[in-house]
Amino acid sequence: MQYQWDFGFLLQYKGLVGIGALYTVGFTILTALSGLAVGCLVALLRLSQWRAATWVVTAFIEVFRCTPVLVQLVWCYYALPMLTGLELTPATAAFLTLTLYGASFYGEIIRGGIISVDLGQWDAGRALGMRRSQLMRRVVLPQAFRRMVPPLVNQTVLQLKNTSLLSVLAVPDLLYQGQLITSASYRPLETYTMIAVIYFAILFPLTRLAHRLEARPGH
Amino acid sequence: MSNTRMIELIGVQKSFGTLQVLKDISLTVDKGAVVALIGPSGSGKSTLLRSINLLTVPNSGYIRVGDHAMDFSSTQTLPRDRELAAFRARTGMVFQGFNLFPHMTVEQNVMEGAVTVLRTPKAEARELALSLLGKVGLADKAAMRPDSLSGGQKQRVAIARALAMKPEVMLFDEATSALDPELVGEVLAVIRSLAADGMTMLLVTHEMAFARDVADRVVFMRDGCVVEEGEARQVIEQPAHPATQAFLSHFHNGLS
Ligand SMILES: Nc1ncnc2c1ncn2[C@@H]1O[C@H](COP(=O)(O)OP(=O)(O)O)[C@@H](O)[C@H]1O
Ligand SMILES: [Mg+2]
């Protein structure tokens, strides 16, 4: 059996593919940013002396780390409205889930970076009379950041891959558009190959970047 | 409150969990005086030094540096971030492990306190940093990163960094203990010059000859208590207390 490859027909769907790529990349960027913001908060609360907050945040992190994103996504879209009476659009549910999921991982990376900074650095900053915010901004975070960047990039690679799960909620990401094209063209082989190649083309430079940053000697 | 006393501690106590590390310590340091704090490892010297600038907050007692005082006997609430910072800004501290900021140049290290804490304009802070680096003999290293310096040079930068805050008091916690023997002298020389300038200093040290020659007074601590205190030469050469005698007997070959 000889399969006749034919990628030419895909040209007519380039608009659909473009929208899909836009959704995939857009959701990644948005949820990486919101996830980082919430992640910072998560890290600071986990590092705080405030016991109740530490406990709540630890529980949050474990829930999101120990359940599959797909389950979180479906739960957030189908189950959460039943609990709260609040209807979420698929995009909102997806944004919410990926933000919190990202935050639980980003938060741990940020916390790890912060606690990896030598205690002597905290002493030195405090001894100069720095306030907590100055100490963080001038001494701790610049050093922690160098160590955080490679794992943060890696986590963002995962974040982008996870956006493919949005297709389950009919959010028109790359994979969902691929499904649309397949059902119209009956050519899953070319379609899904192209989808995979697009993911690869986006992610390969990112993983290279993470690799370079990891290999870089430094503090 | 006496003007001649720069540091005053009354009844300072500190416990870590069930371990009582400072047991009712009272101590004064006169303005312009150099006091050496000696004693066996684990006796609470570092904890005492750190209590003076509240890097370690005592459980009870009274601490005064210059005309800033904190009383921990009455209040249950810990001082707030702002108060702690303001209190610490008036004392300089030098650590055994240098603790220079590795992401900044030597000059930036020295400027950091002035710029961030005192809000000194950058140009002025840079001028100050360069003059202090000159004072510790490292003007030519201003643009270097700390990790390219020797231990002795690092410690001299750390001293310049502390001096840039124009502190009323300098605290040294075993400033030469992490150094190779041949580098100890250059750091001690800087401390000696500060003493000559009239800086009030409290230093934890194992350099007994240095303590004898440079310090005015020596305080011997053991198990969280001040066991003996007196004029430096007196305590080091003719200690009165058996515990001080036993401790100093380990050093006598270095005390010619
Ligand atoms: N942050 C801390 N937590 C618990 N124990 C500590 C802490 N800092 C010091 N200690 C303990 O307090 C005692 C005195 O320590 P330290 O003040 O460092 O003594 P020294 O400087 O004289 O060697 C030691 O037993 C040490 O283990
Ligand atoms: Mg010590």
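The values are calculated or read from the model by the stated rules, or taken from the named source; none is laboratory data. As the structure is a prediction and not an experimental result, all values here were calculated from the model. Note: ideal-geometry Cβ built from the backbone for every residue, glycine included; neighbour counts use all protein chains shown. Heavy atoms of the whole protein, side chains included, go into the accessibility calculation; ligands, DNA and RNA do not. Shrake-Rupley method; radii C 1.70, N 1.55, O 1.52, S 1.80 Å.
Observations on the structure shown:
- Once segment B:1-32 is narrowed to residues that are more than 21 Å from B:VAL169 (Cα to Cα) and free of Cβ contacts under 8 Å to residues at least 24 places away in the same chain, the residue that is surrounded by the most Cβ atoms within 10 Å (Cβ to Cβ) is B:PHE16.
- Selection count, segment B:74-100, where residues are within 12 Å of the chain's Cα centre (by Cα), more than 7 Å from chain A (Cβ to nearest Cβ), of a type outside the set (Gly, Ala, Ser) and not in a loop (DSSP other than H, G, I, E, B): 2
- Counting residues in segment A:38-61 that are in a loop (DSSP other than H, G, I, E, B) and open to solvent by 70 Å² or more (accessible area, probe 1.4 Å) gives one or more.
- Subset tally (residues that are at the interface with chain A (Cβ under 10 Å from one of its Cβ atoms) and open to solvent by less than 20 Å² (accessible area, probe 1.4 Å)) for segment B:101-145: 7
- If only residues of segment B:62-73 that are over 20 Å from B:LEU118 (Cβ atoms) and part of a loop (DSSP other than H, G, I, E, B) are counted, the one that is farthest from the other protein chains (Cβ to nearest Cβ) is B:SER73.
- B:LEU54 being within 24 Å of A:GLY125 (Cβ to Cβ), within 9 Å of ligand 1 (Cβ to nearest atom) and either within 14 Å of chain A (Cβ to nearest Cβ) or not basic (Lys, Arg) (or both): no
- Criterion (more than 15 Å from the chain's Cα centre (by Cα), within 14 Å of chain B (Cβ to nearest Cβ) and at pLDDT 95 or above) met by exactly one of A:LEU141, A:LEU119: A:LEU119
- For segment A:76-86, the count of residues that are of a type outside the set (Ser, Thr, Tyr), in a helix (DSSP H, G or I) and in contact (Cβ under 8 Å) with a residue 40 or more places away in the chain is zero.
- Looking across segment A:5-37, the residues that are closer than 16 Å to A:THR97 by Cα, of a type in the set (A, V, I, L, M) and open to solvent by 60 Å² or more (accessible area, probe 1.4 Å) come down to A:ILE29, A:LEU30, A:LEU33, A:ALA37.
- Among residues of segment B:209-225, those that are more than 22 Å from B:GLY185 (Cβ to Cβ) and more than 17 Å from the chain's Cα centre (by Cα), counted: 4
- When every residue of segment B:34-42 is checked against the conditions, none turns out to be within 11 Å of chain A (Cβ to nearest Cβ), open to solvent by 50 Å² or more (accessible area, probe 1.4 Å) and more than 24 Å from B:ARG156 (Cα to Cα).
- In segment A:62-71, the residues that are open to solvent by less than 60 Å² (accessible area, probe 1.4 Å) and in a loop (DSSP other than H, G, I, E, B): A:THR67
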